[in-house]
1. So, in region 69-114, of the ones that are exposed (fewer than 14 other Cβ atoms within 10 Å of the Cβ) and among the β-branched types (V, I, T), which residue ends up nearest to R12 (Cα to Cα)?
2. Scan (1) over 20 Å from T127 (Cβ atoms); (2) modelled with pLDDT of 95 or more; (3) of a type in the set (K, R) for the single condition K75 breaks and write down its number.
3. For region 1-106, list the helices (runs of 4 or more DSSP H) that sit wholly inside it and hold at least 3 residues that are in contact with a Ser or Thr (Cβ under 6 Å, 6 or more places away or on another chain); which are they?
4. Within region 117-139, can one find any residue that is assigned to a helix (DSSP H, G or I), surrounded by fewer than 11 Cβ atoms within 10 Å (Cβ to Cβ), under 20 Å from the mean Cα position of the chain (by Cα) and not hydrophobic (A, V, I, L, M, F, W, C)?
Amino acid sequence: MMISTRGRYALRVLIDLAENNQGKYIPMKDVAQRQEISLKYLERIMPLLIKGKLIEGAHGKGGGYKLTREPNDYKVGEILRLTEGNLAPVSCLECNAEPCVRKAQCRTYEMWKKFYDITNDYFDSITIADLMKTPLPIDYVI
């Protein structure tokens, strides 16, 4: 499993919106500039976050985006599953996957299932508020 830029950038956007929250909508161009992410790329991520009800947007003067809940109510697992589709390491564990005909004889299924469960449990134990507390290293890159 590899987390794509879409998942990583979604986390950065949500952290930025949380850190710069003053009760007003935040223009996406400001977030893009602070995070050094292409505005065009962010415009492809934002609809996913709106559809998932993680943020809300407003158009026009004073428009932009803001969080729909408090930072401690956003689990990293929820965000990654929304942006990545799911966190399954193998196709037989994906949501709505066809039952594998080899599951009864599969010597690796339980290993992959445990890895999948550990991954989801780990990411579900971290919130945006937790990430906001993480000190930034001098050469921070994600």
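The values are calculated or read from the model by the stated rules, or taken from the named source; none is laboratory data. What you are looking at is a predicted structure, and each value in this text was computed from that prediction instead of being measured. Cβ sites come from the backbone with ideal geometry, for glycine too, and all protein chains shown count toward neighbours.
1. My answer is T108.
2. If we test K75 against (1) over 20 Å from T127 (Cβ atoms); (2) modelled with pLDDT of 95 or more; (3) of a type in the set (K, R), just (1) comes out false.
3. Numbers: elements: 5-19, 28-35, 39-51, 76-84.
Filter on region 1-106 gives 5-19.
4. First pass over region 117-139, keeping only residues assigned to a helix (DSSP H, G or I): 117-124, 128-133.
In the following step, the residues that additionally are surrounded by fewer than 11 Cβ atoms within 10 Å (Cβ to Cβ) were identified as 118, 121, 133.
Keeping just the survivors that are under 20 Å from the mean Cα position of the chain (by Cα) gives 118, 121, 133.
From what is left, the residues that are not hydrophobic (A, V, I, L, M, F, W, C) are 121, 133.
The answer is yes, given that some residue of region 117-139 is assigned to a helix (DSSP H, G or I), surrounded by fewer than 11 Cβ atoms within 10 Å (Cβ to Cβ), under 20 Å from the mean Cα position of the chain (by Cα) and not hydrophobic (A, V, I, L, M, F, W, C).
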